[in-house]
Every structure is written in C-alpha cells, then in structure tokens.
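What follows is a set of notes on a single structure, which appears directly below.
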Amino acid sequence: MSRSGDKSPGYTGFGDEWRPSNLTPADARRATDWVEAKIDRRSMLTDKDRVEDVRDAMWELEKDGEIVVHRVDDRHAPVTARTLYGWEKKVPTNNLWHHKSCGQCGNIPGYPSSVLWLMNELDISYLDETDQTSCTAWNYHGSGIGNVVSLATVFLRNFHQAYVSAKARGLSEGTYYPLVHCGTSFGNYKEMRTFLMHSAELRAEVKKILEKLDRLVDGKLLIPEEIVHYSEWLHVVRDRIADRQKIDMSGVRATVHPACHVYKMVPEDAIYDETVLDGNRVAVSTGLLDTLGVQVIDYSTWYDCCGFGFRHIIGEREFTRSFAIDRKIKVAVEEARADVMIGHDTGCITTLDKNQWIGRAVDKVYALPIMADCQFAALALGAHPYKLAQLHWHASPFETLLEKIGIDWEKAKAEFEQYLEEVKAGKIETLYDPRLAITSGEGYVKPAEIAGGGGK
C-alpha cells in the first residue's frame with residue numbers, strides 16, 4: 001500500500017515505503033491510532049487501479065513462448081476462493097506436494113505432522129518427498145545478504161521438482177501441485193513470481209542457472225499458476241474437516257494472529273470471504289475456527305506483527321520479546337480474555353510461543369497457549385495432543401486449554417510416555433511411508449517394488 005503521499009508528522013515518503021524520520025512520542029501514538037483504526041481490508045484497497053493481477057502477465061509470457069505455466073487442473077480438485085479484490089484463486093485440494101518449512105520441522109514438529117494427519121483423515125493424495133530445499137528467505141529478510149537471483153532460482157527449482165516428481169510414481173508431469181507450509185516462503189515466492197514476470201533480465205539470469213541444473217521444461221522457465229499456502233487449503237476444506245469433528249470447541253475463546261508474510265506481502269493474493277468477519281479480515285484460520293464452532297474474539301492489535309521481523313529477532317531480540325508480549329500476548333489475555341491464540345506461520349508461532357518465558361523476568365506473566373490452526377483442527381478431530389499435535393514442544397502452557405475442551409492431558413501424557421518406550425523398543429509408526437519420500441538417487445525404490453504400498 002503506497003504511503004508516498006502521506007503527510008503524517010514524523011514520516012517521509014520513499015516510493016511505496018513508509019519510514020520513520022524524527023519520530024516523537026506523539027507521532028508514535030498517532031501512528032498506532034492509525035493502525036488501530038485501519039485494521040480491516042478497506043485499508044488495503046487504496047490505489048486499487050494501480051494493482052495488477054500478475055497472472056495476466058504470466059499468460060502473455062506463456063503465449064509468447066517464454067515460459068510454461070504449471071496449471072491447477074482437475075487432477076488437483078481445485079476449489080475457487082476470492083481474494084482481496086474479488087479475483088478468483090484456484091486452491092488445489094488433492095494430489096499435493098508438500099513444500100515443508102525448515103522452522104516447523106526443526107522447532108514445531110507438531111505443525112507438519114498435523115497437516116499430514118489431517119490429509120490422511122480426509123483421504124487426500126499427496127507426495128511428501130525429500131528432494132526440496134529451504135526457500136533461503138532467511139538470508140534475504142534476516143541479514144540482507146541474499147539476492148533476488150538466488151531467491152527466484154530456488155523458488156523455481158523447488159516448484160520444478162514438484163512438477164516432475166510424479167514421474168517417480170509412473171504418473172504424468174504436473175500431477176502433484178506444491179502446497180507451501182511456511183508463510184515466509186509463501187510471501188517470498190509470490191514476490192519472486194512478480195519480479196520474474198516483469199524483468200526479462202531476471203528471467204535470463206535465472207534461466208542460465210536452471211539450465212545447468214536441468215530444471216527447465218522444454219527449455220523454458222516453469223511458473224506456477226497459483227502459489228498456495230497450507231492455511232488456504234485448510235480454509236477451502238474446512239467443512240470437510242468439521243464433518244469429522246469429535247471435540248466440542250464452542251466454549252473456546254480464540255484470538256487469531258495473521259502472519260504478515262501471508263497477507264501483507266502481495267496482499268491482492270490473500271483470501272477474503274464475505275462469510276468470515278464480513279470479509280473485512282483475511283479469511284484463513286478465522287474461517288476454520290468459525291466452522292469448528294470456536295468463539296473468535298477481535299482485539300485492538302490484530303493487525304500488528306508478532307514482533308519476529310527477521311532482523312529484529314537477530315539484531316534486536318529484546319524488541320521482539322517486548323513487542324510479542326506487550327502488543328500481542330498481553331492484549332489477547334487482558335482485552336480479549338482468550339483461551340488460545342491461533343496462527344498460521346512458523347515464525348509467528350515460534351515468537352509468540354517461545355518468548356513468553358522472558359516476561360517472568362520483569363513480572364509480565366501472561367500465559368497463553370499458542371498453536372497453529374492445523375494443530376487446533378487436528379485436536380478437534382481427536383488427534384492425540386502429544387503423539388500427533390505434539391504440544392509438548394511448545395513453551396506456552398496448553399494444559400488448561402485441553403481441560404476446557406475435555407481432554408485429559410495427564411492420561412494423554414502417560415499414553416505418550418508409554419508410546420515412547422515402544423519406539424525405543426523398535427516399534428515405529430509413521431504418518432507416511434518413508435520409502436515413498438525418496439524419488440531419485442541412492443536409496444530410491446520404484447513404487448512397484450515397494451511391498452504393501454503405503455503412504456498416500
């Protein structure tokens with residue numbers, strides 16, 4: 001959203017950015033007042049005529065023979081959703097390729113395990129293979145040492161792998177469509193797609209690299225028709241999830257923290273739904289909670305960042321901690337009287353969850369369970385809180401929430417401890433046949449040679 005014409009005291013316009021100049025306390029209050037008054041989608045609708053649908057440029061480049069578009073087609077059982085400006089977005093619901101999150105797998109394993117478990121429950125076909133990489137956005141946002149060529153190249157490399165991965169199963173190219181787990185990867189990839197569509201120089205640089213990696217299709221760059229976040233998949237299948245609901249969630253007061261990288265980066269691509277908060281807020285997570293019968297409570301700092309900010313967490317960690325506690329956790333507890341805060345991004349969940357302990361050092365104890373929408377949905381469907389949702393990896397307390405929804409956490413914990421003993425003894429269970437995760441190279445076994453099949 002352009003701020004170049006904003007004449008607020010203490011701010012100067014730099015193109016499309018809004019940067020602090022000599023910011024006084026009074027100016028800061030006015031800025032905060034502006035945010036709190038502009039927390040609905042209408043604040044994102046300024047200069048609508050300047051916003052283009054990047055897919056229009058994509059179709060032209062394909063028509064000119066410069067690129068190949070990986071389409072969302074009938075194989076993916078798409079559901080059409082509406083974005084900020086009412087544009088249609090096709091969200092695939094089947095034959096999905098999991099683009100995992102480094103932060104989830106390393107810090108919040110119950111996050112991806114809940115997504116896979118939900119897909120198993122809904123009998124969704126997917127491929128969870130090992131041949132993928134991090135998006136490298138950590139370098140870009142966290143330190144500034146990344147560059148656009150490397151980011152765009154990694155983006156297209158990963159999506160090309162999703163496109164060709166089906167060949168390992170004897171299926172046609174494009175059968176599996178990528179589903180991005182991480183909000184940062186999601187926002188980063190959408191930005192890179194826009195840059196690629198508008199820069200012939202960038203396309204040429206990326207093409208040279210991908211050609212060396214044998215990652216072109218008919219000598220052309222492969223561009224995805226849609227870039228889809230897992231929370232968008234949850235949103236469009238939320239009724240199917242609710243049909244399998246086993247736990248009554250109607251007594252839960254939940255606040256939602258929307259991730260900046262999900263709906264503020266390339267905001268025109270974010271999903272809004274007139275049935276969710278009258279279409280005034282991004283629909284993902286909130287729509288799911290509504291459908292599960294949860295009381296979603298609004299709060300004045302809904303729009304605020306969690307405090308993570310990438311560079312903040314590296315260079316100004318105390319800012320991150322104070323922002324997470326004072327601007328988000330404290331408000332959710334005191335103003336909204338929330339039982340839980342639900343998010344949909346790796347960094348946000350980590351920041352709001354892991355930083356609560358530091359408040360004890362300054363007598364700011366606001367214990368609030370933090371979890372991802374997929375973890376909460378899995379609990380609603382009866383998933384084990386330790387074995388599957390893996391809530392014990394969280395730093396924030398969750399036991400009171402479990403008691404409120406009728407789950408005996410002490411019994412569940414004892415069951416989990418017994419399960420761990422079985423694992424030590426060699427009795428291993430997996431959500432997905434690990435042999436299907438390897439689609440090439442050493443260790444690869446053709447599907448027909450995998451005894452008993454398995455997986456999805």
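The values are calculated or read from the model by the stated rules, or taken from the named source; none is laboratory data. Bear in mind that the values here come from a model prediction, so they are computed numbers and not experimental data. Please note: Cβ atoms are built from the backbone with ideal geometry, for glycine as well, and neighbour counts cover all protein chains shown. For the accessible areas, the whole protein counts, side chains as well, though only heavy atoms, and no ligand, DNA or RNA atoms are used. Shrake-Rupley method; radii C 1.70, N 1.55, O 1.52, S 1.80 Å.
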* To do: Just name the residue that is surrounded by the fewest Cβ atoms within 10 Å (Cβ to Cβ) out of those in segment 312-332 that are of a type in the set (Gly, Ala, Ser) and either closer than 23 Å to residue 277 by Cα or at pLDDT 80 or above (or both).
  => 332
* **segment 377-404: number of residues that are within 20 Å of the chain's Cα centre (by Cα) and outside any helix (DSSP H, G or I)** => 4
* Within segment 172-181, can one find any residue that is out of contact with any strand residue (DSSP E or B) (no Cβ under 6 Å at 6 or more places or on another chain), touching a residue at least 12 places away in the same chain (Cβ under 8 Å) and among the aliphatic types (A, V, I, L, M)? -> no
* To do: Could you figure out which of (1) surrounded by fewer than 16 Cβ atoms within 10 Å (Cβ to Cβ); (2) without any contact (Cβ under 8 Å) to a residue 24 or more places away in the chain isn't true of residue 435?
  => (1)
* Residue that is open to solvent by 20 Å² or more (accessible area, probe 1.4 Å) and among the aromatic types (Phe, Trp, Tyr), where the choices are 195, 155, 159, 186 -> 195
* Of 93, 32, 83, which residue is at pLDDT below 55 and of a type in the set (Val, Ile, Thr)? -> 32
* Structure fact -> Subset of segment 203-218, residues open to solvent by 40 Å² or more (accessible area, probe 1.4 Å), farther than 18 Å from residue 147 by Cβ and part of a loop (DSSP other than H, G, I, E, B), comes to 214, 218
* Asked: Which of the residues that make up segment 82-95 are hydrophobic (A, V, I, L, M, F, W, C) and open to solvent by 10 Å² or more (accessible area, probe 1.4 Å)?
  -> 87
* Asked: Restricting segment 333-364 to residues that are more than 25 Å from residue 109 (Cα to Cα) and modelled with pLDDT of 85 or more, which is least open to solvent (accessible area, probe 1.4 Å)?
  -> 336
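Tell me the residue from 309, 293 that is in a loop (DSSP other than H, G, I, E, B), modelled with pLDDT of 90 or more and open to solvent by 10 Å² or more (accessible area, probe 1.4 Å), please. Reasoning before the result, please.
Details: 309 fails: modelled with pLDDT of 90 or more.
Going through 309, 293 in turn, just one is in a loop (DSSP other than H, G, I, E, B), modelled with pLDDT of 90 or more and open to solvent by 10 Å² or more (accessible area, probe 1.4 Å): 293.
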* Structure fact -> Among strands (runs of 3 or more DSSP E) completely within segment 61-131, the ones holding 2 or more residues that are over 29 Å from residue 392 (Cα atoms) are 67-70, 79-82, 88-91
* Structure fact -> Note: among 431, 401, 436, just one is hydrophobic (A, V, I, L, M, F, W, C) and modelled with pLDDT of 95 or more, namely 401
* Structure fact -> Considering segment 219-248, residues that are in contact (Cβ under 8 Å) with a residue 12 or more places away in the chain and open to solvent by 50 Å² or more (accessible area, probe 1.4 Å), and then whichever is farthest from residue 68 (Cα to Cα), we arrive at 248
